[in-house]
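Input: a single structure, listed below in structure tokens.
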Amino acid sequence: MIDGASELDAHVSEIDLVIDDTAGITPVAQIYEQSLPHRYKDFVRSTFLKDYRGKPTEPKLYGGTSIYYGRHGRSYCKVLFYQKHLCPNQRVYEPDNQLKYPYIRYELKLRGSAAQRQGAELFSKLCSISAFGGTSTTMGEAVVDLFGKHFAFVVPGRRSSRRKLQPWWRELLRRAAV
């Protein structure tokens, strides 16, 4: 499918990627604590949590079950964190749609020019180029790469760009790349 889209010179207008934590690695209470307005700048590094028109873009708790990292709304880039079994919008309590087990979901949503830019790069990474002596990137590696560019839970330190990943987040990304 990726090869066909590339051959047709497709253009990406939206990208929605997910990482699911089915192993229970995510420290949920810690994430809520680290995402508070007076703490998130120490623990969360994201291209979506920049000041906008002189006001900070803070993580927003939504419905007591989700956190939005980025501006709220359909046309904005953001990361969503939620516990799948607690999210009523997912219709997981309907008889035909029940979860087999609870898990945590991280959704990366890119829109507009960010989606176009990253989409073109994603196409080139995922296209089969082995015939030319190269190796193609797996979907898991591409997803982890995009998350790494735009979002991370980090250990507090002096310079945001040099902060190390929190060990549990590093492990979650390692598992998602496989």
Within region 78-89, which residues are under 10 Å from the mean Cα position of the chain (by Cα) and either over 13 Å from Val28 (Cβ atoms) or modelled with pLDDT under 80 (or both)?
Lys78, Val79, Leu80
Of the listed residues (Glu121, Glu141, Glu107), the one being at pLDDT 70 or above, surrounded by fewer than 17 Cβ atoms within 10 Å (Cβ to Cβ), assigned to a strand (DSSP E or B) and out of contact with any Lys or Arg (no Cβ under 7 Å at 6 or more places or on another chain) is Glu107
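Counting only residues that are of a type in the set (Phe, Trp, Tyr) and at pLDDT below 90, which one in region 45-77 is surrounded by the most Cβ atoms within 10 Å (Cβ to Cβ)?
That would be Tyr76.
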In region 157-176, anything at pLDDT 95 or above and not basic (Lys, Arg) is listed as Leu165, Gln166, Pro167, Trp168, Trp169, Glu171, Leu172, Leu173, Ala176
Scanning region 17-49 residue by residue, those touching a His at 6+ places or on another chain (Cβ under 8 Å) and of a type in the set (Val, Ile, Thr) turn out to be Thr47
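The values are calculated or read from the model by the stated rules, or taken from the named source; none is laboratory data. Note that this is a predicted model, so its numbers are computed, not measured. Cβ coordinates were reconstructed from backbone atoms using ideal geometry, including for glycine residues, and neighbour counts include every protein chain displayed.
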